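*Asks:* One structure coming up, written as structure tokens, with questions to follow.
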Protein chains: 2
Amino acid sequence: MSNAKALPLLERSEAPVAAVPCCPPLSERPFTAEEAERTARMFKALGDPVRLRLFSAVASHEGGEACVCDISDVGVSQPTVSHHLKKLKEAGLLTSERRGTWVYYRVEPSVLAAMGQLLAVR
Amino acid sequence: MSNAKALPLLERSEAPVAAVPCCPPLSERPFTAEEAERTARMFKALGDPVRLRLFSAVASHEGGEACVCDISDVGVSQPTVSHHLKKLKEAGLLTSERRGTWVYYRVEPSVLAAMGQLLAVR
DNA sequence: GGGCTAGTTCGACATGTGTCAACATAGACG
DNA sequence: CGTCTATGTTGACACATGTCGAACTAGCCC
């Protein structure tokens, strides 16, 4: 049956919610409730200016990855930066990896491509 | 009454917030605060499941437009549907036109294309 | 070990957002 | 005119979210 309805405690931890091939283009047919729920999470993650700047900073950084210290100059406190990076990670848009003292974030290219597909004009 | 009061005065009177020349791809360079502010509005508009369903319903409807009565079966009350359609309109994603008793909404294709550009992979 | 730097988590707070019922408005139609 | 149908607006309320400072954890180096 549908397992998507009641995810146990995943939202609280750091598991990416939406991993892969999500949905058809928005203009192909009306979204179902479940599709909308899943897709909205990704759009919502990019629906905050600070998160958008962080995401753009990571995406445009050389090598497609950036240390937090490289991108944390977005006008909010450091805990807030951390909070937003976590949100982006939970939405499946970023992944993170610790290397020594620093933590590096990189974009999940498949998800980016999937979102591009969503907006394809029919 | 004047629509969207909170809009900056960049564009003409009832023009949508984000006209065509919005922003470069997210991965081209880090977004400025202003770019992020403007772009986040569009993503935010699609960051709600109900709005996403409404938008998808309009976008996939024949002729690229739909009357409210055609799309209001999304599990929320009628005032809520109206509220979300207003939000989508304020974000520049939809336009509306009254024809007789009914109000028709249609997608703003240029904005959709602009969002697609944003997500283009470098 | 002890201090130092990089990042995350916690607790609290103010603001924003989605929702509905009730009311209001706009056109069609008799 | 009055009424019916289709939408929009208002007011209220619960809940989600963005933000910060303080406390915490992880790794490096003397």
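*Asks:* Part of a strand (DSSP E or B) and without any contact (Cβ under 8 Å) to a residue 12 or more places away in the chain, is that true of A:S96?
*Replies:* When the stated conditions are applied, A:S96 passes them.
*Asks:* Within the stretch B:44-68, track down each residue that is in contact (Cβ under 8 Å) with a residue 40 or more places away in the chain and facing chain A (nearest Cβ under 7 Å).
*Replies:* B:K44, B:L46, B:F55, B:A59
*Asks:* I need the full set of residues from the stretch A:33-69 which are surrounded by fewer than 24 Cβ atoms within 10 Å (Cβ to Cβ), within 12 Å of DNA strand D (Cβ to nearest atom) and part of a loop (DSSP other than H, G, I, E, B), in order please.
*Replies:* Answer for the stretch A:33-69, where residues must be surrounded by fewer than 24 Cβ atoms within 10 Å (Cβ to Cβ), within 12 Å of DNA strand D (Cβ to nearest atom) and part of a loop (DSSP other than H, G, I, E, B): A:G47, A:D48.
*Asks:* Please state which of the following conditions A:L94 fails to meet, knowing it meets all the rest: (1) at pLDDT 95 or above; (2) more than 10 Å from the chain's Cα centre (by Cα); (3) more than 9 Å from DNA strand C (Cβ to nearest atom).
*Replies:* So the condition that A:L94 fails would be (2).
*Asks:* Could you check B:P79 against (1) surrounded by 14 or more Cβ atoms within 10 Å (Cβ to Cβ); (2) more than 8 Å from chain A (Cβ to nearest Cβ) and say which number it fails?
*Replies:* Of (1) surrounded by 14 or more Cβ atoms within 10 Å (Cβ to Cβ); (2) more than 8 Å from chain A (Cβ to nearest Cβ), only one is false for B:P79: (1).
*Asks:* Also, quick follow-up: Give the residue that is farthest from the chain's Cα centre (by Cα), with candidates limited to residues of the stretch B:99-122 that are within 10 Å of another protein chain (Cβ to nearest Cβ) and part of a loop (DSSP other than H, G, I, E, B).
*Replies:* Taking the candidates together, the pick is B:R122.
The values are calculated or read from the model by the stated rules, or taken from the named source; none is laboratory data. What you see is a predicted model; the values in this text were computed from it and never measured. Because the Cβ atoms are built from the backbone with ideal geometry, glycine has one as well, and the counts that use them run over all protein chains shown.
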